[in-house]
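Here's the structure, in structure tokens; my notes come after.
The values are calculated or read from the model by the stated rules, or taken from the named source; none is laboratory data. Since the structure is predicted, the reported quantities are computational estimates derived from the model, not experimental observations. Note: ideal-geometry Cβ built from the backbone for every residue, glycine included; neighbour counts use all protein chains shown. Keep in mind that these areas ignore ligands, DNA and RNA; they rest on the heavy atoms of the full protein, side chains included. Shrake-Rupley method; radii C 1.70, N 1.55, O 1.52, S 1.80 Å.
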Amino acid sequence: MAKQLDSIVLPDSMEWPARLDWTGLARSQQRTVGGGLVVWDQPLLRGQPIELIARDQVTWLDLSTVTALHALASAAGASYPLVWEGDSYTVIIDSVQFRPIWPHHDQHTGRIRLTTV
């Protein structure tokens, strides 16, 4: 299935390891003086952290993809569509970090940190 951030097609081997960690629920708990438990729940509609990983020896991004991702991350106030295996999100880019697999090489590994909005 497709993995795409804005118009940039991401490799199928790109990972989102914590994809199922988000519950979409904020919870606060407090004990009463009598020992009872009071729980407050609130559904969260936005703000899911997303970290996409191009892992060494698994996924390499070419220099043109890395350059395009840096350009997206540099746009102030911009949000982008993320399509991940059939699911769609609107995200902002928090940070991008890439390193060449070898000095002066065109293939890179790294991370893209996003937040849903």
Kindly indicate whether any position in region 48-65 is loosely packed, with under 12 Cβ neighbours inside 10 Å and farther than 30 Å from His104 by Cα.
no
Within region 58-67, identify whether any single residue is in contact (Cβ under 8 Å) with a residue 12 or more places away in the chain, within 22 Å of Met1 (Cβ to Cβ) and part of a strand (DSSP E or B), and answer yes or no.
yes
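Given the criteria open to solvent by 80 Å² or more (accessible area, probe 1.4 Å), under 18 Å from the mean Cα position of the chain (by Cα), closer than 13 Å to Gln4 by Cα and free of Cβ contacts under 8 Å to residues at least 40 places away in the same chain, does Ser88 qualify? Spell out the reasoning first.
Working: open to solvent by 80 Å² or more (accessible area, probe 1.4 Å): yes; under 18 Å from the mean Cα position of the chain (by Cα): yes; closer than 13 Å to Gln4 by Cα: yes; free of Cβ contacts under 8 Å to residues at least 40 places away in the same chain: yes.
It is true that Ser88 is open to solvent by 80 Å² or more (accessible area, probe 1.4 Å), under 18 Å from the mean Cα position of the chain (by Cα), closer than 13 Å to Gln4 by Cα and free of Cβ contacts under 8 Å to residues at least 40 places away in the same chain.
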Let me spell it out: the conditions are (1) more than 12 Å from the chain's Cα centre (by Cα); (2) open to solvent by 70 Å² or more (accessible area, probe 1.4 Å), and Asp94 meets all of them except one. Which number is the exception?
(1)
Which one is nearest to Val58 (Cα to Cα), of the residues in region 8-40 that are in contact (Cβ under 8 Å) with a residue 12 or more places away in the chain and loosely packed, with under 10 Cβ neighbours inside 10 Å?
Leu25
Pairs returned, first residue in region 94-117 that is farther than 16 Å from Ala73 by Cβ, second residue that is among the small types (Gly, Ala, Ser) and surrounded by 13 or more Cβ atoms within 10 Å (Cβ to Cβ), beta-carbon separation under 8 angstrom, 6 or more apart or interchain, are Thr109/Ala54
Gln42 passes all but one of the listed conditions (1) within 22 Å of Arg99 (Cβ to Cβ); (2) not in a loop (DSSP other than H, G, I, E, B); the exception is number (1)
Single residue of Gly47, Gly35, Gly77 found to be outside any strand (DSSP E or B), within 14 Å of the chain's Cα centre (by Cα) and on the phi > 0 side of the Ramachandran plot:
Gly47
